[in-house]
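Asks: Input: one structure, supplied below.
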Amino acid sequence: MLTSLRIKNFKAWKDTGEIRLAPLTVIFGANSAGKSSLGHLLLALKQTAISTDRKRALHLGDANSLVDLGTFADCLHGHDLQRKLEFELTWTMSEIMKVTNPLSPKAVFSGDEISLGVAISAGKAEQPEVDFLRYSLAEGHHEVLDVVFTKDAEAKLSLKSELYKLTRSTGRPWPLELPEKFYRISEASRARFQNADFLADFALATEKMLQGLAYLGPLRDYPKRIYPWSGGTPEDVGMKGEDTIAAILAADAEGRKLNRGRKYGLKGFSEFVAEHLVQLGVIHSFRVKAVAKGRKEYEVLVKTHAKAAEVKITDVGIGVSQVLPALVLPFYSPPNSIVWMEQPEIHLHPQVQAELADVFITATQAWEKGKPRNVQLIVESHSEHFLNRLQRRIAEGVISPEDVAVHFCTKAGEATEIKPLEVNLYGDIVNWPENFFGDEMADLTARTVAAMEKRNKLAKP
C-alpha cells in the first residue's frame, strides 16, 4: 500500500509536499487543478516498469500505452527543461524484506516499508535521464538501510550508503552506469561492489508495487448487447471498463469467493458484485448469462425492480453500466493492489453516490481466502454526497479516521496546491476549505434577496 507521495515540477505541480495516502484516499478539487496528473505520473512509472526498453528512464507514452504525457518538456512544470522532475514514493510491503551482508552475515537488515526518491532531468536530445536515485528500507518508520545513486554536474556517477558498507570488488574496476529505467541499479554497477546484489531486491519490490497498480478513467464504455469472452483472465477491467464482464466471468471460472470481513459469509464473485449493485439501489437483480450453450458470447441481464421483466443492460439507464467497472475493479484486483479511479460517481443519482462510499469502504475491508485483501483505493471525486456518507461512517465507527485520507486541490497562480483535510473521530472536517463544493451560502443569500424583490414587485398595485 502506498503511504505517501510527493511530486515536484510535474505538470501543474511545482511541489505537492508530502501527501498522506490511506487505505481509502479521496482527492477533491476544481476542474483542471491537477488531480488527474497525480495518477498519470504513477501510470507513467508503471508503463516504464513494464517496458522492454531498459535504457529509457521514463516512458512518457504513445498511442498504445497506459498514458501519453507528450514530450519531457510537456511534463515539466512551466515546460522548463532546466527543472528536474522529482518524486518520492513510500509504500508498505505484504512481506518483510531481509537483507544480509554476505561479507558480514551477522549484519541483517529487515523492514516492511520502502521509500524511493528520484530526480530526472533533460539529457541528450532533451530525453529524461536519472540524476538521483535513493532507496531506503524502514521498519516501523525507522530507517534501517539506504543506498543513493547520484550524477553530478560533470556527469560523475557515485553509489553510496550511510547505513551499509559497500565494499569495492577486487580486480577489474567496474565502471558505474546510469540506472536502468528510473528505479533499477544496473548489473554492471552492482558488480562494482562485492555486496550490492541486494539492490536487485529493491528493483523487484518496485516492479511488484507498480504491477499492482490498476486505473479506471472517467470515460467508460457504453453498454453492449453481447460481450465476447474466450476464457482469458484480464489483468483488470480496462481503463474504460471495457473488460469488466470478462473479469466477472474469469473470477467465477476460477471459483473466487469473497466476504465483507471475517464475520461474514463467503459469496461467489458475480453474486458478490450483484449484492453490491442491489445495495447501491440501481437494480433489483443482475446476472451474466451465455447466449447459448457452447458459445463464447454473453449477455448481461438485469431487473430494475422485483416485478419488472429481466432485460439486457443496454435497455436500462446508463448509470448501471457506468458504475459497474468502478464496483468490480476493487474486488477483482489481486490482494495488496492499488486502485486509482477518476470520478466513479459519473452518471449516478446523489443517493447512489452516497452508497458508493459504503461499497468502497467494504472494498478496503473485504477478505478472500481467509485473509484481508488489503486493497487500497485512491479516488478522484466531485461528489459532496460521497464525502457526506464517508464522514457519517467515520462517526459511526465503520471506518477509522486513520484509514481515510481526504485532500483538496486548488489553483494557486500558475501552480496547484493540495491541502489535507483533517477528519476527526466524529466525522467532522476541522479545516473545511472555502468554497469546497461551491459557495452554497452565497447562492442561498442571492435566492432569498431575489425572492424578496419579486414579492415586493408583485405586492405593488
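Asks: Return the residues of segment 59-75 that are open to solvent by 30 Å² or more (accessible area, probe 1.4 Å) and in a helix (DSSP H, G or I); say none if nothing qualifies.
Replies: Residue satisfying the conditions is Asp74 alone.
Asks: What number of residues within segment 339-392 are among the basic types (Lys, Arg) and open to solvent by 40 Å² or more (accessible area, probe 1.4 Å)? Talk me through it step by step, then tell me what you get.
Replies: Keep residues of segment 339-392 that are among the basic types (Lys, Arg), which gives 369, 371, 373, 389, 392.
If we keep only those that are open to solvent by 40 Å² or more (accessible area, probe 1.4 Å) as well, we get 369, 371, 392.
Matching residues across segment 339-392 total 3.
Asks: Output the number of residues of segment 155-180 satisfying the condition of being acidic (Asp, Glu) and either in a strand (DSSP E or B) or open to solvent by 90 Å² or more (accessible area, probe 1.4 Å) (or both).
Replies: Taking segment 155-180 and keeping what is acidic (Asp, Glu), we get 162, 177, 180.
From what's left, either in a strand (DSSP E or B) or open to solvent by 90 Å² or more (accessible area, probe 1.4 Å) (or both): 162, 180.
Number of matching residues: 2.
Asks: Consider segment 197-232. How many of its residues are basic (Lys, Arg) and either under 27 Å from Thr3 (Cβ atoms) or in contact with a Cys (Cβ under 6 Å, 6 or more places away or on another chain) (or both)? Give the steps one after another, and end with the answer.
Replies: Residues of segment 197-232 that are basic (Lys, Arg), as a first pass: 208, 220, 224-225.
Those left that are additionally either under 27 Å from Thr3 (Cβ atoms) or in contact with a Cys (Cβ under 6 Å, 6 or more places away or on another chain) (or both): 208.
Matching residues across segment 197-232 total 1.
Asks: Kindly indicate whether any position in segment 38-51 is under 17 Å from Pro420 (Cα atoms) and buried (at least 21 other Cβ atoms within 10 Å of the Cβ).
Replies: yes
Asks: Follow-up. Which one of the conditions (1) surrounded by 21 or more Cβ atoms within 10 Å (Cβ to Cβ); (2) touching a residue at least 24 places away in the same chain (Cβ under 8 Å) does Glu297 fail to meet, given that it meets all the rest?
Replies: Glu297 satisfies all of (1) surrounded by 21 or more Cβ atoms within 10 Å (Cβ to Cβ); (2) touching a residue at least 24 places away in the same chain (Cβ under 8 Å) except (1).
Asks: Ok, one more. If I filter segment 214-228 for residues that are modelled with pLDDT of 95 or more, over 23 Å from Lys289 (Cβ atoms) and open to solvent by 50 Å² or more (accessible area, probe 1.4 Å), do I get at least one hit?
Replies: Within segment 214-228 (the criterion being modelled with pLDDT of 95 or more, over 23 Å from Lys289 (Cβ atoms) and open to solvent by 50 Å² or more (accessible area, probe 1.4 Å)), the answer is no, since none of the residues qualifies.
Asks: If you scan segment 421-459, which residues turn out to be modelled with pLDDT of 70 or more and among the basic types (Lys, Arg)?
Replies: Hits for segment 421-459 are Lys454, Arg455, Lys457.
Asks: Given the structure, is Arg56 touching a strand residue (DSSP E or B) at 6+ places or on another chain (Cβ under 6 Å) and surrounded by fewer than 18 Cβ atoms within 10 Å (Cβ to Cβ)? Working first, answer last.
Replies: Values: touching a strand residue (DSSP E or B) at 6+ places or on another chain (Cβ under 6 Å): no; surrounded by fewer than 18 Cβ atoms within 10 Å (Cβ to Cβ): yes.
Judged against the criteria, Arg56 is not a match.
Asks: Got a number for residues in segment 1-44 being part of a strand (DSSP E or B) and touching a Cys at 6+ places or on another chain (Cβ under 9 Å)? Give the derivation first.
Replies: Initially, segment 1-44 is screened for residues part of a strand (DSSP E or B), giving 2-10, 13-15, 19-20, 24-29.
This time we only want the ones that are touching a Cys at 6+ places or on another chain (Cβ under 9 Å), so: 9-10, 27-29.
Qualifying residue count for the region: 5.
Asks: Considering only residues that are surrounded by 14 or more Cβ atoms within 10 Å (Cβ to Cβ) and more than 19 Å from Ala250 (Cβ to Cβ), which ones fall in segment 279-294?
Replies: Result: Gln279, Leu280, Val282, Ile283, His284, Ser285.
A quick yes/no check of all residues on (1) in contact with a Phe, Trp or Tyr (Cβ under 8 Å, 6 or more places away or on another chain); (2) open to solvent by 10 Å² or more (accessible area, probe 1.4 Å):
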residue	(1), (2)
Ser94	no, yes
Pro105	no, yes
His142	no, yes
Val148	yes, yes
Phe182	no, no
Phe193	no, yes
Ala196	no, no
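Asks: Moving on to the next point. Which of the numbered conditions does Leu89 fail, given that it passes all the others? Conditions: (1) open to solvent by 20 Å² or more (accessible area, probe 1.4 Å); (2) farther than 18 Å from Phe198 by Cα; (3) in contact with a Leu (Cβ under 9 Å, 6 or more places away or on another chain); (4) at pLDDT 95 or above.
Replies: The number of the failed condition is (1).
Asks: Take segment 1-35 and flag every residue that is over 17 Å from Leu116 (Cβ atoms), surrounded by fewer than 22 Cβ atoms within 10 Å (Cβ to Cβ) and of a type in the set (Gly, Ala, Ser).
Replies: If the condition is that a residue be over 17 Å from Leu116 (Cβ atoms), surrounded by fewer than 22 Cβ atoms within 10 Å (Cβ to Cβ) and of a type in the set (Gly, Ala, Ser), then Ala12, Gly17, Ala22, Ala30, Ser32, Ala33 are the ones that fit.
Asks: Right, something else. Would you check if Phe286 is of a type outside the set (A, V, I, L, M), touching a residue at least 40 places away in the same chain (Cβ under 8 Å) and touching a helix residue (DSSP H, G or I) at 6+ places or on another chain (Cβ under 7 Å)? Give the steps one after another, and end with the answer.
Replies: On the way: of a type outside the set (A, V, I, L, M): yes; touching a residue at least 40 places away in the same chain (Cβ under 8 Å): no; touching a helix residue (DSSP H, G or I) at 6+ places or on another chain (Cβ under 7 Å): yes.
No; evaluated as a whole, the condition is false for this residue.
Asks: Residues being within 23 Å of Gln322 (Cβ to Cβ), open to solvent by less than 40 Å² (accessible area, probe 1.4 Å) and not in a loop (DSSP other than H, G, I, E, B): count how many of those fall in segment 239-261. I'd like the intermediate steps shown before the answer.
Replies: Narrowing segment 239-261 to residues within 23 Å of Gln322 (Cβ to Cβ): 239-252, 258.
Filter once more, keeping what is open to solvent by less than 40 Å² (accessible area, probe 1.4 Å): 241, 244-251, 258.
With not in a loop (DSSP other than H, G, I, E, B) added as a condition, the list becomes 244-251, 258.
Final tally of qualifying residues: 9.
The values are calculated or read from the model by the stated rules, or taken from the named source; none is laboratory data. Please read all numbers here as calculations on a predicted model, not as lab measurements. Cβ atoms come from the backbone with ideal geometry, glycine included; neighbour counts cover every protein chain shown. The area values use the complete protein model at the heavy-atom level, side chains included, leaving out ligands, DNA and RNA. Shrake-Rupley method; radii C 1.70, N 1.55, O 1.52, S 1.80 Å.
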